[in-house]
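Participant: Here it is, the structure, as structure tokens.
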Amino acid sequence: MTGKDLPALNIADLQSLLRHREVSPREVLDVLRARIESVDGKIDAYLSIDFEAAAKEAEKANVDLPLGGVPIAIKDIISVAGEPCTCASKILHGYRAPYDATVIRKLRAAGAIPFGKTNMDEFAMGSSTENSGVKLTRNPWDLSRVPGGSSGGSAAAVAADEAFGGLGTETGGSIRQPAALSGVVGLKPSYGRVSRFGVVAFASSLDQVGPLTKTVRDSALIMNAIAGHDPQETTSLNQPVPDYTEGLGRDLRGVRLGLAKEYMIEGIDAQVKAAIDAAVKRMDSLGAEIVDVSLPHTDYAIAVYYILATAEASANLARFDGVRYGHRAENPKDLLDHYGRTREEGFGPEVKRRIILGTYVLSSGYYDAYYLRAQKVRELIRQDFAKAFEKVNALISPTSPVPAFKLGERTDDPLQMYLADIFTSPANLAGICGISVPCGFADVDGNRLPIGLQLLGNALDEARILQIAHAYEQSTDWHRARSPIAETLPNA
Amino acid sequence: MLKSSDLDVAYVAKLARLNLTDAETELFQKQLGDVLKYADKLRAVDVSHMEAAAHAIPIFNVFREDESRDWFTAEQALSNAPRQANGLFIVTKVVE
């Protein structure tokens, strides 16, 4: 092991080297910094990096803790004390978080070093990271394509070996979809499993924080650190946290996996479908029983999602008024002018679009027709999953119907972009957990583009989907494949 | 459910305290019209027997002890304010 090879390591292997004092946290940080300096000009995964603060943390890191000395990249929607937290929005340009989010406090308690804030769609609104108000992030497998979104910065950083692991957030698929498109592992925990305290709110009944990692084991290691009850967050579940690594290594005998016929839609890319079919066969050969199930209200999920998420967003983003923090319009002639121009100047197009839609569906005369009806259909979607999980341990599907698309390909058609969440948003509506793991490649224009397999588990059943994902992962070589840019070594 | 053509982007933008250019208003009118047309499919669902779900996993009555805790100072709370004076946020004048 030379310093040059360090960035390719996963968290578990890196932590083992740290624990055995074969490398120091400071050396790891230096190597990672060199790696970022050599490749991030091509990827643009990071918005800000505070090397000095991280170096101080590294000097006092306790490498005997589970994540001791491991740098973790943080989506720029999560508060890290003293660091920028811009949500990739002009309206938060210059803002610095006054405190640590609970997930950051917990990562630190497990020995990890938050290192670098990653790019995202502005306020997490998007599926390609193209809605960032700062810059575009590129897919490490093909620089002309999107990394997925909204946690595209964290996903791309991990895929390009410029992060050992990262935190993302999800509202409708923003961890799992970029994980699939960038060829990494992404876990969305059940609603309430991980505290949202200190995470800038998009849609509060849907938002969750979760890990983006190179392996399933790393995902379990981060979950061990960040899951659990937080008295500062009222939707946080007061339920015991298992050791998520405990079930890893078990085979799939006795596991029942559901295939929902409603997920076999037209519009799934042929190479994606072939990869999923092969993965199902693999699960079967590993001992799982494959069962047909039905989720009859699936077709309504995107409509429900975009009504509820925009409604909640319009309320949450009302706080950006140019008084307590963030951008403020110059020389307003009165208070309405102050609000109207502050928000016009600060928000980007997609955020404006969603504020308008959300305000509309909540407005007098339309509330019952859109918002209330959507909440009721949401309950039907939740019941679909509850019934399915009476028959099976997990559901299996593609994460995204297509591999990474070209930069600019979908930006003019919001509805088309919204449909990217078709397999992921139902889990957010139902509050259940889901994971995306690499399951193959599509050959497109001479490039290999990663494909993601999604496993959905019942609420609080993260340990189960991690176990199944791990068994699948370990039976394949997909997680060992490295993006072309990851194969280029740093100039160390 | 009402027809999506009921959406008046210029009016809703006023409700949202969000100025839009004429070009944005026109573009959003079309794009969000498409999205609302797509959402019309929810009309087909029978929800007459359904309760609305505000949260997927409901929790009720979350209490904590009513006692003071260490938290950030007024100075920290003001640290990101675009305009402040005497330990206070400065707001645009609301009365003549």
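Rule-based calculations on the coordinates, nothing more; no lab input. Everything quoted here is computed from the prediction, not taken from an experiment. Heads up, the Cβs are rebuilt from the backbone with ideal geometry, glycines too, and the neighbour counts pull from every protein chain shown.
Participant: Once the Cα gyration tensor of segment A:136-209 is diagonalised, what are the square roots of 5 times its eigenvalues, in whole Å and ordered largest first, as equivalent ellipsoid semi-axes?
Facilitator: Values for segment A:136-209, descending: 23, 11, 10 Å.
Participant: For A:H229, project a label point 7 Å along Cα to C-beta. Then give me every residue of segment B:43-66 with its amide nitrogen under 19 Å of that point.
Facilitator: Under cut-off, by backbone N: B:57-66.
Participant: Moving on. Would you mind ranking A:H327, A:H338 by Cβ crowding within 10 Å, fewest neighbours first?
Facilitator: The order, fewest Cβ neighbours first, is A:H327, A:H338.
Participant: Rounded to the nearest 0.05, what FRET efficiency is calculated for A:D413 and A:H20 with R0 set to 35 Å and r the Cβ-Cβ distance?
Facilitator: Step by step, r from the Cβ atoms, then E = 0.10.
Participant: Compute the Rg/Rh shape ratio of segment B:1-64: radius of gyration over Kirkwood radius, all on alpha-carbon atoms.
Facilitator: 1.16
Participant: Between B:T21 and A:D5, what's the calculated FRET efficiency when r is the beta-carbon distance and R0 is 41 Å? Round to 0.05.
Facilitator: E between B:T21 and A:D5, to the nearest 0.05, is 0.20.
Participant: Okay, next question. Please compute the volume of the convex hull spanned by the alpha-carbon atoms of the protein assembly as shown and report it per residue in Å³.
Facilitator: Convex hull of Cα atoms, per residue: 157 Å³.
Participant: Moving on to the next point. Let me check against my output: what whole-number percent is the relative contact order of chain B, with C-alpha pairs under 8 Å and at least 6 apart?
Facilitator: Worked out over chain B, it gives 18 percent.
Participant: Further question on the same structure: With everything on Cα atoms, drop me the angle between helix B:22-39 and the longest principal axis of chain B, reported from 0 to 90° to the nearest 10.
Facilitator: Value to nearest ten degrees: 60.
Participant: If you don't mind, another one. A:K42: which lysines have alpha carbons under 30 Å from its alpha carbon, excluding same-chain residues fewer than 8 sequence positions away?
Facilitator: The qualifying lysines are A:K4, A:K56, A:K75, A:K90, A:K117, A:K135, A:K188, A:K214, A:K352, A:K406.
Participant: As a footprinting exposure proxy, order A:T359, A:T476 by other Cβ within 10 Å, with the fewest listed first.
Facilitator: If I rank by nearby Cβ atoms, fewest first, I get A:T476, A:T359.
Participant: Taking only C-alpha pairs under 8 Å that are 6+ residues apart, what is the relative contact order of segment A:184-268 in percent?
Facilitator: In percent, rounded to a whole number, it is 28.
Participant: How big is the antiparallel share of DSSP beta bridges in chain A, given as a percent to the nearest 5?
Facilitator: Bridges in chain A are about 70 percent antiparallel.
Participant: Over the residues of segment A:258-416, compute the C-alpha Rg and express it relative to 2.2 N^0.38 Å.
Facilitator: In units of the 2.2 N^0.38 Å rule of thumb, it is 1.41.
Participant: Using only alpha carbon pairs under 8 Å that are at least six residues apart, calculate the relative contact order of chain A and give it in whole percent.
Facilitator: Averaging sequence separation for qualifying contacts and normalising by length gives 19 percent for chain A.
Participant: Stretch A:S48-A:D443 to full length: gain in nm at 0.36 nm per residue minus the Cα-Cα span?
Facilitator: Result: 138.8 nm gained on full extension.
Participant: For A:F202, B:F72, A:F123, which order do you get if you count the other beta carbons within 10 Å of each Cβ and list the fewest first?
Facilitator: By the 10 Å Cβ count, ascending, the order reads B:F72, A:F202, A:F123.
Participant: Counting only residues 5 or more places away or on other chains, whose amide H sits under 5 Å from the amide H of A:R145 once H atoms are built in the peptide plane?
Facilitator: Distant-sequence amide H within range of A:R145: A:N139, A:L407.
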